[in-house]
Structures are given as structure tokens and as C-alpha cells.
1. Only one of (1) at pLDDT below 90; (2) closer than 24 Å to D132 by Cβ fails for K7. Which number is that?
2. Kindly provide the set of residues from the range 44-56 that are part of a loop (DSSP other than H, G, I, E, B) and under 22 Å from L112 (Cβ atoms), ordered by number.
3. Residues L27, L47, L34: which one is aliphatic (A, V, I, L, M) and touching a residue at least 12 places away in the same chain (Cβ under 8 Å)?
4. Quick one: in the range 16-38, which of the residues that are more than 13 Å from the chain's Cα centre (by Cα) and modelled with pLDDT under 90 is farthest from A76 (Cα to Cα)?
5. Of the conditions (1) touching a residue at least 40 places away in the same chain (Cβ under 8 Å); (2) within 17 Å of L32 (Cβ to Cβ); (3) of a type outside the set (A, V, I, L, M, F, W, C), Y91 satisfies every one except a single condition; which number is it?
6. So how many residues does the range 22-43 have that are outside any loop (DSSP other than H, G, I, E, B) and surrounded by fewer than 17 Cβ atoms within 10 Å (Cβ to Cβ)?
Amino acid sequence: MSTASYKLPSLVGKALSILPAWPGSVLFVRGLNLALTRHLPADALELLNGRPLRIQVKDACIAFDFVCRNGTFAAARHQGEIALTISADAYDFFLLARRAEDPDTLFFSRRLTMEGDTELGLLVKNSLDAIDFSVFSLDRFEPPRMFRRGE
């Protein structure tokens, strides 16, 4: 497991912070829907339903606001209280996505934070931990596997 933490240069964060949030949230939820939705348990999606959620990339100075509705994620413009905000630097999210770092390790070293409904945060963490990430392996899309010869 990695112990080094890398941060985006502050100039990059300043530049990203002036971009409008909505297009980033739209792209983010498209990725969530393509990659994760069908792998999340129905009961987890039900508990997320209608709850305002935010992913905050601290060093990039950007946040993605979204909500789960009827089993899919949609970009949102939250006006009130956020049910759950998960924050980390870009590199730490990268490590989590690759499963190169354990979320508990990042949490206890204060590199990953959750604010809001702790129970909801644990539901998200446990649901993601339960996914077999081999389904996301790029090896599945190599030409020899996609275009098998007839036997």
C-alpha cells in the first residue's frame, strides 16, 4: 500500500475552481452510471435514493453534486444540506479507484473524510468494497478477447 500522497499544484486547483460545477457533475454521474450502477446492490441504491451526495476533490478545488433516483445517478445542484460529502485529494481518489489503497487507511490518516450521515457513508464504502473490480479490467477489452475466432 502507498503511503506517499501527491497533490495537484495549487495553480491547477485555482484554474479548475473557476470552472462551472454543473458540467463536471454531469460527466461524473455518467461515469458512475456506466461503471458502477449495475454492480451496486438494489438495497444500497434504495437507501441512496433522493439523498444529496457530493464528491469533493480537495486539491483540484472541485466538487461533484449528485443524487440517486430510481437506481441511477443524476447530476444535481444542491441548495440545502448534503447527506454525505466524501473528500480527498485527486491522487487518493485515484488510489482508491485502483484499489491500491484501503479506504480505512486513508480515513484514519485523515486523507479521506466523510461528512454528514455516517451510516450512509458506511453503506457506500461497504457497497463499493463488495464489488468484484475485475469486471472493470481493461484486459476484457483486448482485441483477441473481443474478437474471438470461430472454432
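The values are calculated or read from the model by the stated rules, or taken from the named source; none is laboratory data. In this text the structure is predicted, and so the values were computed from the model without any measurement. Please note: Cβ atoms are built from the backbone with ideal geometry, for glycine as well, and neighbour counts cover all protein chains shown.
1. With respect to (1) at pLDDT below 90; (2) closer than 24 Å to D132 by Cβ, K7 is out only on (2).
2. Matches in the range 44-56: R51 only.
3. The unique qualifying residue is L47.
4. Taking the candidates together, the pick is R38.
5. (2)
6. 14
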